[in-house]
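*Asks:* Before I ask anything, let me first share the structure, which is written out below as structure tokens.
The values are calculated or read from the model by the stated rules, or taken from the named source; none is laboratory data. What you see is a predicted model; the values in this text were computed from it and never measured. In this analysis, Cβ positions are derived from the backbone assuming ideal geometry, glycine residues included, and neighbour counts consider all displayed protein chains. Each accessible area value is taken on the protein alone, full model and side chains, heavy atoms only, with ligands, DNA and RNA left out. Shrake-Rupley method; radii C 1.70, N 1.55, O 1.52, S 1.80 Å.
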Amino acid sequence: MISFFIYLNQLNITSLHYQPPKESPQIRKMGIKDLWTILAPFGERKPLYELQGKTVAVDLSCWVCESQNVAEYAVQPRMYLRNLYFRACYLLLMDVNVVFVLEGHAPELKYKTIAARNALQFKGAKPKTEVKTKDRSRFNFTLKRCEEMLNLLGIACVKGEGEAEALCAHLNEAGLIDGIISQDSDCFAYGARVVYRNFSISQQGNQAAKGGSVDVYDISVANERLNFGRNKIIALALLCGSDYCDGVHGIGKDSVMKLFNSVNDDEILPRLRSWRQNPIYEELEAKISDKNRCTSCGHFGKLQAHVKKGCIVCKTNQGCDSGFKNERLEIKNELNMRSKALIDPNFPDENLINEFLSEKSKISKLNLKWRRPDLVNFIKFTVKYLTWEEIYSFEKFFPILTRWQLLHFDEISDKTGGVVSPKFIKKRRTLKGILSYEIVWEDKLNHFSDLIPEEQLEQFGDLEKLWSTVEPQNLVEKAFPYLVREFEVKKPKSRKKKKSAIDEIDDLLQNISITTQSPVKKKTKNNHIHTLDAFLCKASTPKKVAPDVSFDLNQSNFGDEDDLQVSEIVDDIIRRDLPTYVPQNLEKLGLKLNENVDCSFFVSEMIENDLFEKTFKDYFNSDTDSNTVD
């Protein structure tokens, strides 16, 4: 424990609580300012399993920037590679068709932002070669390493001529993908329709039970409710700022949204262009600033005069029409924005508008086929760049290889079933409600011999566990039906469940007979066992058959003796009334039962040789053995 705190001290960590890294405005913006705030009411948090079966493009640069660890540190080297691997594996195992999009040539408009990001992402680390701060070469080298790892996983990667989000948006607009995984709101300005933001595979917090979550933004919803489309998003970038420009100083989201409420989406860009040339704005300024005009109706005359005497144009004797009041506020807001924007002689920046509207990459078809993962080279890659042990890399990568084989079993020609072969099904499993099999694999062709050092194998111990994976039941039945049949035949029969106390009591009650006597066994020569029910049947039963009220006293039917409540049985016998046939039989013999006589089962004083004892002794001293048992 002491060494742990020493280790934290070396890292300059003063608190064990998680604290998110501080970000500069350039990094935190990641697109158009305030756009995510505007779209927040139309976003929906959904579990990641809803991406299953969809085709998505991933803006790789966003995932790398999120790691905030492009520089090489000894504590956790290349965190961006580790995060990329686990996220990519999650998408593959969840049956998501994924393509990663890399950055192309950055536009000159973004050089200022790139320089600011380089200063933060590399945290002051000096480059190996002298490059300009606006250059993206160091970041592209990082993306190249990510691309190398993705190729080992067999995942498709594409690279456009310009920004990655521009190519992602083009693929989405062309219908080649269902959505974009990105943090960059520029995607909507480039024409994206659906963006998946805040992608998380975390198994903790509110979304733990769902196995991760993502925010889904569909621009068609915002366009339907607010008439907020692509052109207004570009106008927002011009007025409030984006990665390409700082916007207009003094203009905020609220002012822009008031303007958008009075202008359609297809009219907003021509409206901004008309600020500099259209003379109507000078007339509006003169009208708004004229103190001799009523602020309520806009006609000549002051407001106080109209309130008292009315307005001639409005044809009122007192007061005036107030319809111009809201219109005046809208005009005043737009004129205020116009005066601030025209300070910049280049407003509106046509280069920025062309950047968003022009199509730089034309891709009509995507090859999203998942190629066979390369396990051997992946282990070498992770040992070199992530300092993982060989057995750890094998353990993390092996399920990806087996899942690929199950999904592409029809393309595998050799009888061994691919790189590795299924040995047998170990047992059934259920993972997050999905019926699955745990399969043990084997390397028949020795593709991976000597790949893992012997000392790591010895330390791991259970090699069967190392070669085991859990696969969905439907995939296994489709790829290896013979393996399922063998498992169904050889699987052990299910053990009978241990009976509960209630079930045992039910069985005992079924063995208790109120009308039938228990079978009587014969007596052996060497062993005479005399039972009470045998004596009663011999000596006490009248010749005439009595009503059927016999009771089986065989205690074996009651379970253990400790559980037998004999006192309750005795009490029940004592509480019973004298049977009706007893006085009837006495009357036939000419006898009468005296009701005053105490017929208690127990006697108050000892009587020598009473009738019960004498009869019992006479019975068992006789030679008869028909009622004795072993």
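*Asks:* Measure up 287/332; 423/444; 159/365; 432/478; 365/478 against 18 Å on the Cα-Cα distance and list the ones that go over.
*Replies:* On the way: 287/332 10 Å; 423/444 10 Å; 159/365 14 Å; 432/478 21 Å; 365/478 30 Å.
Listed pairs above 18 Å: 432/478; 365/478.
*Asks:* Need one number for the range 255-303: average projected area of the convex hull over its C-alpha atoms, nm².
*Replies:* Values: hull surface 17.2 nm².
Reported value for the Cα convex hull: 4.3 nm².
*Asks:* How high is the relative contact order of the range 399-477, in percent, with contacts defined as C-alpha pairs under 8 Å that are six or more residues apart? Spell out each step's value before the answer.
*Replies:* Details: 91 pairs, mean separation 25.1, N = 79.
That works out to 32 percent.
*Asks:* Kindly state, to the nearest 0.05, the FRET efficiency for residue 390 paired with residue 161, given R0 = 56 Å and r defined as their beta-carbon distance. Show your work: numbers first, answer last.
*Replies:* Working: r = 40 Å, r/R0 = 0.71.
The computed FRET efficiency comes out at 0.90.
*Asks:* Give me the number: length gained by fully extending residue 434 to residue 292, i.e. 0.36 nm times residue separation minus the C-alpha to C-alpha distance, one decimal in nm. Walk me through the intermediate numbers first.
*Replies:* Working: separation 142, 0.36 × 142 = 51.12 nm, distance 7.66 nm.
Using 0.36 nm per residue and subtracting the Cα-Cα distance, I get 43.5 nm.
*Asks:* Could I ask something else about it? Output ³J(HN,Hα) for the range 281-295: one whole-Hz value per residue in order, computed from phi by the Karplus curve 6.51 cos²θ - 1.76 cosθ + 1.60 with θ = phi - 60°, and x for Gly and Pro.
*Replies:* Karplus values, whole Hz, x for Gly and Pro: 6, 5, 5, 5, 5, 5, 5, 6, 7, 6, 6, 8, 9, 6, 6.
*Asks:* Normalised radius of gyration for the range 215-262, please: alpha carbon Rg relative to 2.2 N^0.38 Å, two decimal places. Write out the running numbers ahead of the final one.
*Replies:* Values: Rg = 11.5 Å, N = 48, 2.2 N^0.38 = 9.6 Å.
Here the Cα radius of gyration is 1.20 times the empirical estimate.
*Asks:* How large is the dipole of the range 290-355 about the Cα centre if only Lys and Arg carry +1 and Asp and Glu carry -1, each at its Cβ, rounded to the nearest 20 debye? Working shown, then result.
*Replies:* Numbers: 11 positive and 9 negative charges, 182 e Å.
Magnitude of the dipole: close to 880 debye.
*Asks:* Follow-up question, since we're still on this one. If you average the C-alpha positions of the range 163-192 and of the range 338-364 separately, how far apart do those two centres end up, in angstrom?
*Replies:* 18
*Asks:* Moving to a separate point now. Between residue 327 and residue 95, what length in nm is gained on full extension when 0.36 nm per residue of separation is reduced by their alpha carbon distance? Let's see the in-between values first.
*Replies:* Values: separation 232, 0.36 × 232 = 83.52 nm, distance 5.40 nm.
Separation in residues times 0.36 nm, less the Cα-Cα distance, equals 78.1 nm.
*Asks:* Follow-up. Give the dimensionless ratio obtained when the Cα radius of gyration of the range 302-377 is divided by 2.2 N^0.38 Å. Can you show the working numbers first?
*Replies:* Details: Rg = 29.5 Å, N = 76, 2.2 N^0.38 = 11.4 Å.
So the range 302-377 has a normalised radius of gyration of 2.59.
*Asks:* Based on a Kirkwood Rh over C-alpha pairs, give the Stokes-Einstein translational diffusion coefficient of the range 265-333 at 25 °C and viscosity 0.890 mPa s in µm²/s. Don't skip to the end; give the middle numbers.
*Replies:* Numbers: Rh = 13.3 Å.
Rounded, D is 185 µm²/s.
*Asks:* Further question on the same structure: How far, in nm, would the chain grow between residue 105 and residue 351 when pulled straight, counting 0.36 nm per residue and subtracting the alpha carbon separation?
*Replies:* Values: separation 246, 0.36 × 246 = 88.56 nm, distance 1.58 nm.
Extending this stretch completely gives an extra 87.0 nm.
*Asks:* Could you order 158, 56 so the one with the most accessible surface comes first? Probe is 1.4 Å. Can you show the working numbers first?
*Replies:* Numbers: 158 30, 56 0 Å².
If we order 158, 56 from most to least accessible, we get 158, 56.
*Asks:* Still on this structure, I have one more. In nm, to one decimal, how far is the residue 458 label point from the residue 442 one, both placed 7 Å along Cα→Cβ?
*Replies:* Placing both labels 7 Å along Cα→Cβ, they lie 2.5 nm apart.
*Asks:* So if we plug the beta-carbon distance of residue 299 and residue 225 into 1/(1 + (r/R0)^6) with R0 = 30 Å, what FRET efficiency do we get, rounded to 0.05?
*Replies:* That gives a FRET efficiency of 0.25.
*Asks:* Sticking with this structure for a sec: Using the Kirkwood radius over C-alpha pairs as Rh, can you work out the diffusion coefficient of the range 185-327 via Stokes-Einstein at 37 °C, viscosity 0.692 mPa s, in µm² per second? Please report the intermediate quantities before stating the final value.
*Replies:* Working: Rh = 19.2 Å.
This corresponds to a translational diffusion coefficient of 171 µm²/s.
*Asks:* Something else now. Amide H to amide H under 5 Å from residue 181: which residues, 5+ apart in sequence or cross-chain, H placed 1.01 Å off N in plane?
*Replies:* 57, 58, 59, 196
*Asks:* Determine, from the Cβ-Cβ distance of residue 424 and residue 377 and an R0 of 30 Å, the FRET efficiency 1/(1 + (r/R0)^6), rounded to the nearest 0.05.
*Replies:* On the way: r = 29 Å, r/R0 = 0.96.
Calculated value: 0.55.
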